[in-house]
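Have a look at the structure below before the remarks.
The values are calculated or read from the model by the stated rules, or taken from the named source; none is laboratory data. Every value quoted in this text rests on a predicted model; they were computed, and no experiment measured them. Every residue, glycine among them, receives a Cβ derived from its backbone with ideal geometry; neighbour counts consider all protein chains shown. Note: areas computed on protein heavy atoms with side chains; ligands, DNA, RNA excluded. Shrake-Rupley method; radii C 1.70, N 1.55, O 1.52, S 1.80 Å.
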Amino acid sequence: MAFVANYPRTNFDLVYKESALFLRAIHNGEEGSYCLSMPVTNDIAMASGRETRGFPKKMADIHFKRNGHSVEGWTERRGVRFMEVRAKLTGKFNDTGAREIIMAIRRAGADGSINAIAYNFKHFPAPEGGAFDYNPRLVKQESVYRPKEMLAGETEIILRRSDYDPWVEVEVVKMLGALYTVGDNSMVRAKTVAEVGPLEFAPYSFLKWDMK
């Protein structure tokens, strides 16, 4: 799953844009989405997500625009527009099986809200170098979405090579479709659900840094 979002108002006094790339994941039988990358346009939004919940956030230029039934967005860092998405809000998805898959991922509540789980590994390098401050921690983040508008669409996503944001390495096998939503989101208090050994995790610890 990939998204581009505009947050025109927040309860922590910030206005910013954000994009993200997720893979489906499961921990102890509980399905969620593992965040591979989450660029943002505000430094405090970046620091808050990285330091408290482990989201792999980096500063970026992000564009988001709706014009009638057309929606477009892109993400750019270090001179490379590595992700671009366009959608037509036709009321149908690219794939006929998309609705069932999307609804399974986004669990609907009786009040119309949508619940989703994100997983991140929270970790920081030790000041002495060569190790982590503590064993990397798997963090479970629950979010509640209260959509006021939710429209289905047919979409295309373009991923371009970037040495520092290698989204293109996640192969797009089949496009399911797009959801355009307007509403209120709440992040439930996150919690640590597991720890892993530093040597075991080390090869996967570079998502937050620009490294070739």
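Overview of values
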item	result
Low-density loop cleavage sites - GluC sites (Glu not before Pro) in segment 119-186, where at most 16 other Cβ are within 10 Å (DSSP)	128, 171
Sparse-neighbour loop sites [trypsin sites (Lys or Arg not before Pro); segment 174-210; at most 12 other C-beta within 10 Å; DSSP]	174, 189
Computed lengthening from residue 69 to residue 164, 0.36 nm per intervening residue step minus Cα-Cα distance	30.9 nm
Amide H partners (placed H, <5 Å) of residue 94, local residues excluded	155, 177, 178
Per-residue HN-Hα couplings for segment 85-91 [Karplus 6.51, -1.76, 1.60; θ = phi - 60°; Hz; x = Gly/Pro]	9, 9, 9, 10, 7, 8, x
Area accessible to solvent at residue 164, 1.4 Å probe radius, in Å²	50
Gyration tensor (alpha-carbon) shape descriptor, the chain, a/c threshold 1.5	prolate
Cα gyration tensor, segment 36-139 - rounded (a/c under 1.5), prolate or oblate	oblate
Shape category assigned to segment 84-194 from the gyration tensor of Cα positions, a/c cut at 1.5	oblate
Computed magnitude of the charge dipole of the chain (debye, nearest 20; Cβ of K, R +1, Cβ of D, E -1)	380
Heavy-atom accessible surface of the chain: percent carbon and sulfur, 1.4 Å	51
Which listed pairs, of 140/174; 65/208; 174/212; 57/88; 92/191, have C-alpha distances above 30 Å, in listed order	92/191
Accessible surface, per residue, of the chain when the full set of protein chains is kept, probe 1.4 Å, Å²	59
Accessible surface, 1.4 Å probe, highest first, among residues 95, 163	163, 95
Sequence-separation-based contact order of the chain, relative, with Cα cut under 8 Å and 6+ spacing, percent	18
